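The values are calculated or read from the model by the stated rules, or taken from the named source; none is laboratory data. Just so it is clear, the model here is predicted, and its values are computed rather than measured. As a convention, Cβ positions derive from the backbone with ideal geometry for all residues, glycine included, and neighbour counts pool all protein chains shown. Please note that ligands, DNA and RNA were not included when accessible areas were found on the heavy atoms of the full protein model with its side chains. Shrake-Rupley method; radii C 1.70, N 1.55, O 1.52, S 1.80 Å.
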Amino acid sequence: MALAITGSARRRSTGGAALRLLAVVAALLGALLGGAAPASAHAALTGSDPAQGSVVDSAPEQVSLTFSEGVAMGNDSLRVLDPKGKRVDRGKLRNLCSGSVVKYGAGLPPGLPDGTYTVAWQAVSADSHPVSGAFTFSIGAPSKTTAAVPQQEAGGGLVGALYGIARYLAYAGFVLLAGGAAFVVACRPAAALVRSVQRLVVYGWAVLTGTTIAMLLLRAPYTGSGRLADVFDFGGLQQVLLTKPGAALVSRLLLLAAAALFIAVLFGAYARAQEAGDGDPAEDARRRKDLALGLGVGGVIVAAGLAATWAMAEHASTGLQTAVAMPVDVLHLLAVAAWLGGLAALVVSLYWGPAVERSAVRRFSRIAFGSVLVLVATGLYQSWRQVGTLRALTDTSYGRLLLLKAGLVAVLVGIGWVSRRWTGRLGEPVEVTQAAPVDTDADPDGEADADTDPGDVSRETAGPAPDPARAAQLARQQVALRTARTKRIRDADPERLGLRRSVLAETSVAVVLLAVTTVLTATEPARTEEAVKATGAAGRSAAANQPQVLTVPFDTGGPHGKGTARIDLDPGRSGSGNTLRLRISDPSGRTRDVPEVKISFTLKDKKLGPLPVAPKHIGKGHWSADGVQLPVPGRWRLSLLVRTSDIDQVTEFRNVKIG
């Protein structure tokens, strides 16, 4: 009896260690997902008109935004605020998309006063992730502004954290549901009778169903206000149902209804077919084969449909080669489910339930190997599609996450190789002769009562039971004792013990891998990030080498004192290689001479200037100066003095950005 108690304590210690390890992993993942920053979307702002930080002479007719890919925007998605924080745009969004250019604009009223204006925008990218931002531009000259813009990015805050956790749990639920069911049908039909495997698959279905409903309710505040109270805004829910992500989530719920029927057959008729019957063995075998075929075909269809709900609304639905990328993404998700979900089913089979047959472990090993091959092939394609260059692997967040995921897969494959070696050493489980069938579900942990003496049980069962309650108690003790004896024999096999430990290690790494994958799907692809960087660099280069043109109206107050000065600064960059040209015209547009013009530049931030420029008169109404030196880039203040008579003169100021 002492030996039995010691063995029971050791098994409890092993099972407790396994649960503690998984609890630590879950806590780390909670910290990762709960504390994560707002998800980056695939759509990125690649340009605007007026440009960010620019100074324009007069109010533009509209403000337009250009994106790297398709986005969904409404009339309130783009707001222009004046220096006092008042909204000044016309409140109606214009679709300016043309060809491959994704562009939206909002009209502005004429005659806006000078000052700094704030543009706040928010959109939902084609792959379902929200994106937002704000920038400023100035009319005439910069000024102070009191415009308040949301500090929280779209998809952030508590709603963003909850949505991210729901996304992770949805992936996990799909893996457990599809992979666990595949393990039963393809690897170990007898597992349909094992309560721990049944719970695993049913819990996977319940988690996926619950998170899908949660994501539907969270979708409106996630992409809009960010307020958790808007979860119950049914108007917002109606708008979500009209979007591609909303349609995908509704389709997932319909497919989960079919999955519920599948589970009922799997653990109902199919499980009963695995029990030894009194009928014709050939007929029983044919029935099991027909049920397995029907469940296999139906299960693949339902699982592929569920995987497609991710492919149609996320990464694969945008960017390059979507017609190829979506089926590849479905294959990728199915391979993940077959490998990781089957691994989870194997873990619970090894720790809770009767000993697993060597043939079942080997069948799963072959399926896992095939899944890894599919993952490598589809992963390489997805990496090329989303990354593009080797440099982007280290220069972008997406690339670094992808390298981390590849490293975890490599670790998982390495541990899997150890598991395959343990599998090769397995013998068939020892059959334990029982007076009555062992109910592996009587005690979820399968542990015997340590205070029960086998001799006492035998003596008490020899005579008639004193009463029904006592008989039921003795029956439970017998079941617990037989279960403990079975586990003791099973755990005495060192090969199975080694396999249990290696498979548990695989599962722990798989949990972390799934979390990294979830974060990866919400991160801006490296191709997009690199394209935005290149666009910004090209824009800065073009701005640095683009001539600066200023049109400056003036009025000296005397006779014929009105006119316009046009100043061209080429190439408009720091250094001494700039050429300045000045043209003076009267109100009718004809060139005219004036007695005197003076120009200077000042950069207050650097305490430079004023740096005078002495243009030479080269013709009627035209002046020119070569070698204009502006030592450093920045926002310079240009001063233009125009004198039209001996006493009439005026000085005008303009800001000019030097690259």
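A few comments on the model shown:
- Percent accessible area from carbon and sulfur atoms, the range 286-347, protein chains only, probe 1.4 Å: 74
- Ligands, DNA and RNA are left out, and with a 1.4 angstrom probe the accessible area of the range 227-348 is 48 Å² per residue.
- The Cβ shell under 13 Å around L177 holds other residues with a net charge of +2, Lys and Arg each +1, Asp and Glu each -1.
- With all protein chains kept in place, the per residue accessible area of the range 537-656 amounts to 55 square angstrom at a probe of 1.4 angstrom.
- ³J(HN,Hα), Karplus 6.51/-1.76/1.60, whole Hz, each residue of the range 321-326, x for Gly, Pro: 6, 5, 5, 8, 5, 5
- Accessible area of the range 48-189 divided out per residue, in Å², using a probe of 1.4 angstrom: 42
- The range 83-140: trypsin sites (Lys or Arg not before Pro) in DSSP loop, at most 16 other beta carbons within 10 Å: K84, K86, R90, K92
- Percent of C-alpha pairs per 5 Å bin in the range 279-370, short distances first: 2, 12, 14, 16, 18, 15, 10, 6, 4, 2, 1, 0.
- Accessible surface of the range 591-655, 1.4 Å probe, proportion on carbon and sulfur as whole %: 49
- Distance between the range 610-659 and the range 169-196 - C-alpha centres, whole angstrom: 78
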